[in-house]
Amino acid sequence: MMIRPDDYLFGELIKAVGESKARRIVNAISVFTEKTLYSEERRLFLLAVIHGEKDKYLKKYAWITSPLGVNCTAFTESDFDARAKEFTLPRAKKALKELLDRKREERTNAEQYLREEVNAEITQLCEYILKFMYFRTRTAEVSDRYFYYIRKILLAEICRRFSLIDRDLLALRYDEIEQYVKSPAAFTNIVRKHKGGEVIVFQDGKSKAYYGAYSYGLLKKILSSAKKSTDNFIRGEIACAGEVTARVAVINGIGDIYKMENGCILVTSMTTPELVVALDKAVGIITDEGGITCHASILAREYGVPCLVGTQSATRLLKDGMTVRLDCINGGFEIVT
């Protein structure tokens, strides 16, 4: 895959100042990123709850004036009501005050750090990174609505026309969907093959799928080589600093949101706008995928909760109810019980 510009620039920054300092610089400059809906989401939601402006909030968040209209938004009226139910007016006011206080403190600390640590040689590089972090977020917002939801609509229509179960269809690759359209009789065998276990390996720009018992052995081999030390400390990238020990809720999609309780660590492959409802209850976030400018990273900094991304295997290693120590100072997590 082609390297993203923000990843390339981050790599150049690492070459210039080392990885540890590069991460501190990027976290500091992220405070000054131009505001997007992702980065402003929590503040706008709390204001809407406090002032009773649900319609105004939904209109802005849903991008109701977009060509696709409100039906393609990730956040609906029922989502708003579900979140607002968790907030009494005093709690919403307190949360907003804490959010604004934290942002002021972050800005003061970031300004001081950058003044002391960033010299003229890398100032321009930092400015480019800042711009790309904004556009990375902005384009993610667009793609979430225009690709992710169009894809859902397309697959729903395929299911309707061919009388398929959506869970079965979502297990298939696009070439297999095409194969089914040409030969419906093969569909049962294709689905059975997937349900028997599947691992897709991406290497040198190509992908290859493995099925059945062999796929489990291959997955075990891949997981054993994941970033892990002898003390069972699973490593990832720190997206928001902090440390917390709590039970985990593994959320594989919107259908799992009911499992999220107040005070849990949210564990998922990658965050999407649909999971925002669960984030209000999270005291930490762990993802399989992503980097320090991904959707989960942006939201974690917005919510002020420790976040570890790019662990590769968190959703496979962790089960609902496990107690985990999330250490976003040293960059990893470990299972407590």
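Miscellaneous remarks
- Spacing of the two label points (7 Å from each Cα toward its C-beta) at ALA186 and THR139, in nm: 3.5 nm
- The distance from the alpha carbon centre of the stretch 82-135 to that of the stretch 287-336 is 19 Å, rounded to a whole number.
- Most mobile of GLY18, GLY291, GLY310 in a GNM of the chain (Cα contacts under 10 Å): GLY18
- Checking (i) 1.15; (ii) 1.06; (iii) 2.38 against Cα Rg over 2.2 N^0.38 Å calculated from these atoms, the matching label is (ii).
- GNM remark for the chain: springs join alpha carbons under 10 Å apart, and the peak mean-square fluctuation among THR188, THR245, THR315 falls on THR188.
- Using a probe radius of 1.4 angstrom, the carbon and sulfur fraction of the accessible surface of the chain is 55%.
- The count of lysine pairs in the stretch 94-251 whose Cα atoms are under 28 Å apart, excluding pairs fewer than 8 places apart on the same chain, comes to 29.
- Dividing the summed -39500 (n - 2.57) terms of all DSSP H runs of n ≥ 4 by the residue count of the chain sets its mean residue ellipticity at 222 nm at -16000 deg cm²/dmol.
- Normalised convex hull volume, the stretch 251-337, alpha-carbon set, Å³ per residue: 85 Å³
- Table column - 3J(HN,Hα) (Hz), the stretch 279-291, Karplus curve with 6.51, -1.76, 1.60, x for Gly and Pro: 5, 4, 9, 7, 9, x, 9, 10, 10, 6, 10, x, x
- Result for the chain in a Gaussian network model with C-alpha springs under 10 Å: among TYR174, TYR134, TYR211, the largest mean-square fluctuation is at TYR174.
- Efficiency of FRET between ASP256 and GLU111 - r from beta-carbon atoms, R0 30 angstrom, step 0.05: 0.15
- Within the stretch 225-306, GluC sites (Glu not before Pro) in DSSP loop having at most 14 other beta-carbon neighbours inside 10 Å: GLU261
- DSSP H segments from the chain that extend 27 Å or more along their own axis, Cα-based, with Kyte-Doolittle mean of -0.5 or above: 120-143
- Reach of LYS35 by Cα under 18 Å, taken over aspartates and glutamates that are not fewer than 8 positions away in the same chain: ASP6, ASP101, GLU105, GLU106, GLU111, GLU127, GLU141, ASP144, GLU302
- Taking all protein chains into account, the per residue accessible area for the chain stands at 55 Å² (1.4 Å probe).
The values are calculated or read from the model by the stated rules, or taken from the named source; none is laboratory data. Note that the structure is predicted; figures quoted are calculated from it, not measured. With ideal geometry, Cβ positions are generated from the backbone for all residues, glycine too; neighbour counts draw on all protein chains shown. Areas reflect the complete protein model, heavy atoms only, side chains present, ligands, DNA and RNA absent. Shrake-Rupley method; radii C 1.70, N 1.55, O 1.52, S 1.80 Å.
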